[in-house]
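Have a look at the structure below, then the notes.
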Amino acid sequence: MEERKSTVSAKKTSKKVPAAKRDHEKMAWHAIYVRSRSEKKVVSQLTDMGIVCYLPLVTRVKQWSDRRKKVEEPLFKSYVFVYSSDKQYVPILNLFGVLKFVMFEKQHPVDVPESQILAIKKFVSDYEHGEEYKMLNNEELKVGQMVRISSGPMKGLTGRLETIRDKRHLIVYIEVVGQFIPVHIPRAKVEPV
């Protein structure tokens, strides 16, 4: 009986240290696709497991009939980035709300370069500090048109203009790790291709 208790205790301790760090496996950033509106719950579960994750959040003002409120929303809806190894693949997939890893040819999770994660973090930081309102570009754009991001950490990326939300905000579909992801971006940072 005593031996069994110590085994349980050892499992709890080993859970705190990710398996990849113990086995010196290759760690990389991966994108996981999660259920709609469950991004924050998945991040909480990943954090409890000791897995490093990143959910880019931006603050937006939402208008209801009786009030306006600032709401924190994911930049990429239904996506969370995890810093993980192959051994953590199954435990991550077993979390409630996780649907799948973004895969390359349905064989292995696509590695997201550290530079892209840093670029996303810089974009979120710039967005939160109002950089998007500088130098408003006045060229007319049309839905369905191909556009290029002209400034900021995502400079040079191209995508298809999906929605013009107002004079200053657009939704552009950009290909990231083999998937087209909607990016909410300020008008000032986009130009026609």
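The values are calculated or read from the model by the stated rules, or taken from the named source; none is laboratory data. The shown structure was predicted, so the numbers you read here are calculated from the model rather than taken from an experiment. Here Cβ is always computed from backbone atoms with ideal geometry, including for glycine, and neighbour counts include all displayed protein chains. Heavy atoms of the whole protein, side chains included, go into the accessibility calculation; ligands, DNA and RNA do not. Shrake-Rupley method; radii C 1.70, N 1.55, O 1.52, S 1.80 Å.
The accessible area of LEU93, taken with all protein chains in place and a 1.4 Å probe, comes to roughly 50 Å². In the full protein context, region 34-193 carries 59 Å² of accessible surface per residue, based on a 1.4 Å probe and ignoring ligands, DNA and RNA. Cα gyration tensor of region 37-193, axes a ≥ b ≥ c as square roots of the eigenvalues: rounded (a/c below 1.5), prolate (a/b > b/c) or oblate? Prolate, because a/c is 1.5 or more and a/b exceeds b/c.
Of LYS100/LYS189; LYS41/LYS121; LYS62/LYS122; LYS69/LYS122; LYS41/LYS189; LYS69/LYS142, which sit over 27 Å apart, Cα to Cα? Those over the limit are LYS100/LYS189; LYS41/LYS189; LYS69/LYS142.
A protection proxy built from the mean count of other Cβ atoms within 10 Å ranks the segments 76-84, 166-174, 55-63, most packed first, as 76-84, 166-174, 55-63.
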